[in-house]
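The values are calculated or read from the model by the stated rules, or taken from the named source; none is laboratory data. Predicted, not measured: the structure shown is a model, and the values here were computed from it. Methodologically, a virtual Cβ is constructed for each residue, glycine included, from the backbone with ideal geometry; neighbour enumeration extends over all protein chains shown. Accessible surface areas use protein heavy atoms only, side chains included; no ligands, DNA or RNA. Shrake-Rupley method; radii C 1.70, N 1.55, O 1.52, S 1.80 Å.
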There are 2 protein chains.
Amino acid sequence: MKSILMVGQSNMAGRGFLTAVPPIVNENLSMFRNGRWQLMAEPVNFDREVAGVGPAPAFAQAWSQAHPHEQLGLIPCAEGGSAIAEWGPDGPLLRHAIQEAQFAQETSDIIAILWHQGENDSHDHLYRTYPQQLTATLTHLRTALKLPHVPIILGELPDFLGQQGFGLSAVEAPQINAAIHQVAAALPQAYVATATGLTSNPDGIHLDAPSQRRFGYRYYQAFQTQADVTVPAAQEATQVAQLTQSTPTPAERQYLASKRFAQGQGTFADFIAAYQAAQEDPA
Amino acid sequence: MKSILMVGQSNMAGRGFLTAVPPIVNENLSMFRNGRWQLMAEPVNFDREVAGVGPAPAFAQAWSQAHPHEQLGLIPCAEGGSAIAEWGPDGPLLRHAIQEAQFAQETSDIIAILWHQGENDSHDHLYRTYPQQLTATLTHLRTALKLPHVPIILGELPDFLGQQGFGLSAVEAPQINAAIHQVAAALPQAYVATATGLTSNPDGIHLDAPSQRRFGYRYYQAFQTQADVTVPAAQEATQVAQLTQSTPTPAERQYLASKRFAQGQGTFADFIAAYQAAQEDPA
């Protein structure tokens, strides 16, 4: 099977509210848990109890729709609140991400690295050293994983930073975005996904769930076209809506029935009926 | 700092409903995330989207109340639905747990291993080979972590198995319990915590949240007394209630204020006011 590695800070982990978008349930998508693969369910990257919707599930769903008979696994290693200085080759975040990714490589081929980071560096002229640091991090990651040419998709920081709430301190996001573009232009097989027009949670720093679906789709576009995505697709809203409009398969309906019962919804008889109906009615 | 390792299947990961018990918020407790330590918040062991309350947080809180100036970290490696045959030395679950624990050992001293497993082996006479398998798993774990004498606390399987819902198939839970006692009696520094009287979620297999608080307290009693806990303490209800009755510290109130704002509750001005009030009023 194929896999993708998720690295960066909170907007890669995901903080979009789970109830604000339709779930993505796809039996061909999985996530790395305790050294094995489990059916993907959000939040995928549970770095904090406030973890929610990030860009990777929409990326994965778009990939799956384009590769309907293949399996894709997500390797979650993003860490909320982390600065680029904490992602150095000797730091625990990158060392741990490499350890997880190498374990996942025993059973999968990593086809892309999804990166989003920089809010914690958008102040005090940190952008001046950001390109060297980011380049060192990504180069070390590729070397350690023995994937010198694996595509890396880097998301821009969103427009709304520096204006309100937890985002107030991120006043140099434009300079960090310039640095991200500079790094991607210099690195082979590195592409940028625009964050233009995306909106935030009330906290002013985290992308809301609908925006994370759009952002993940843009990450996929950059991956698929092997080029920067500098403007959103004209049909973006329609294409993103199609990510969650497929009819669940029997296995997916069984998963959802099991989840509802485990959460205390309905009786065992209800569960058995739903489970059997899922098997018997593949339509 | 000190740490504990959580291994086993879903009732160690935790499936108790988060809303059914008061939260444990303690600035001296943390959990392992991405190679670093973060303030503990439930669910600690996020193996599945239905993860919830397990026994480890109550264990940790009881330990913390007895060691008020020390830090304890939780290393979550339990995996829902796993059978003992999947916890062999060469399998991904144990290999991954060892990798995580070794990483955590760089910054902590593991003082206990908490184990709960066996529901998936409570059928078809699997109890016959269970003692050898469990002994091999635990011995390999101690050897790999270079902790030959670290206490291991094993919880019994609950009484309610074999009766309803997802628990229906676990008809040989009494035999697995006998095997667990046999293993603990033969291994040095291994102790059993009774599951007597604990109750389940509606699914008939997972311990409910109030029971997980009691179970975690029993795990702690076994750890603290270095002996099996075969009957619940006479004052168990009172002692368990005291786990969540302490007044939050300023740092804990700040964490809770940040969490509420990140979840979309209240304005930025509300958050700033709550955050400052937490600092200014340490009572």
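The value given for the range B:195-275 is a Kirkwood hydrodynamic radius of 15.6 Å, derived from the mean inverse Cα-Cα separation. Think of the protein assembly as shown as a dipole: +1 on every Lys or Arg Cβ, -1 on every Asp or Glu Cβ, centred on the Cα centre; then among A:A273, A:Q133, A:Y191, A:Q133 lies furthest on the positive end. Across the identical copies, the 7 Å label point of B:A20, projected outward along Cα→Cβ, sits 3.0 nm from its counterparts, in ascending order. Annotation: per residue accessible area for chain A equals 38 Å², rounded to a whole number [probe 1.4 Å, protein chains only]. Annotation: the antiparallel percentage among DSSP beta bridges lying fully within the range A:81-217 is about 10. Restricting everything to alpha-carbon atoms, can you work out Rg to Rh for the range B:1-92 with a Kirkwood hydrodynamic radius? Value, to two decimals: 0.98.
Buried accessible surface for the A/B pair, both sides summed and rounded to the nearest 100, is 4000 Å² with a 1.4 Å probe.
Restricted to Cα atoms, the protein assembly as shown shows a radius of gyration and a Dmax of 23.7, 69 angstrom.
Indicate, rounded to the nearest 5 percent, the antiparallel portion of the DSSP beta bridges found entirely in the range B:2-243. Walk me through the numbers before you get to the answer.
Details: 6 of 29 bridges.
So the antiparallel bridges amount to about 20 percent of the total.
If you build the convex hull over the alpha carbons only and average its shadow over all orientations, what do you get for the range A:133-197? Give it in nm² to one decimal. Working shown, then result.
Values: hull surface 19.3 nm².
That works out to 4.8 nm².
What shape does the range A:46-85 take by its C-alpha gyration tensor, where a ≥ b ≥ c are the square roots of the eigenvalues and a/c under 1.5 counts as rounded, a/b above b/c as prolate, and the rest as oblate? List each step's numbers first, then the result.
Numbers: a/c = 3.02, a/b = 2.38, b/c = 1.27.
Since a/c reaches 1.5 and a/b is larger than b/c, the shape of the range A:46-85 is classed as prolate.
Charge dipole of chain B (Cα centre as origin; +1 on each Lys and Arg Cβ, -1 on each Asp and Glu Cβ, all else neutral): 320 debye, rounded to the nearest 20.
Comparing the full protein assembly with the isolated chain, the residues of the range B:193-215 losing at least 10 square angstrom of accessible surface (1.4 Å probe) are B:P202, B:D203. For B:V53, the residues whose modelled amide H falls within less than 5 Å of its own, excluding neighbours fewer than 5 places apart on the same chain, are B:R15, B:G16, B:F17, B:L18.
Projecting the Cα atoms of B:G264, B:G204, B:P68 onto the charge dipole of chain B (Cβ charges, centred on the Cα centre) puts B:P68 farthest toward the positive pole. Annotation: A:Y217 carries an accessible surface of approximately 30 Å², with a 1.4 Å probe and no ligand, DNA or RNA atoms counted.
About the centre of its Cα atoms, the protein assembly as shown shows a dipole size close to 380 debye [charges on the beta carbon of Lys, Arg (+1) and Asp, Glu (-1) only; nearest 20 debye].
Extension gain, B:V231 to B:Q189, is 13.2 nm, computed as 0.36 nm per intervening residue step minus the present C-alpha separation. Under a Gaussian network description of chain A, with springs only between Cα atoms under 10 Å, the residue in A:Q38, A:Q254, A:Q175 that fluctuates furthest is A:Q254. In the range B:147-228, taking the dipole from charged Cβ atoms about the Cα centre, the farthest positive-side position among B:G165, B:G155, B:Y217 is held by B:Y217.
Write down the percent of antiparallel bridges among all DSSP beta bridges whose residues are both part of the protein assembly as shown, to the nearest 5. It would help to have the intermediate numbers written out before the result.
Values: 12 of 58 bridges.
Approximately 20 percent, going by the DSSP bridge assignments.
Solvent-accessible area of the range B:125-226 (1.4 angstrom probe, protein heavy atoms only): carbon and sulfur portion equals 57 percent. Taking a ≥ b ≥ c as the square roots of the eigenvalues of the Cα gyration tensor of the range A:2-243, is the shape rounded (a/c under 1.5), prolate (a/b larger than b/c) or oblate? Cα axes put the range A:2-243 in the rounded bin. Only protein heavy atoms count here; on that basis, with a 1.4 Å probe, A:D208 has an accessible area of about 30 Å². Report summary: the helix-based calculation at 222 nm, which adds -39500 (n - 2.57) for every DSSP H run with n ≥ 4 and divides by the residues of chain A, gives -11500 deg cm²/dmol. Whole-percent P(r), the range B:74-152, all Cα pairs, 5 Å bins from 0: 3, 14, 27, 27, 16, 8, 3, 1, 0. Calculated from the alpha-carbon coordinates, the range A:140-245 shows an Rg and a Dmax of 14.8, 41 Å respectively.
Going by a 1.4 Å probe on protein heavy atoms, which residues of the range B:34-53 end up with at least 50 Å² less accessible surface in the whole assembly than in their chain alone? Those are B:N34, B:R36, B:F46, B:E49, B:V50, which lose 50 Å² or more relative to the chain on its own.
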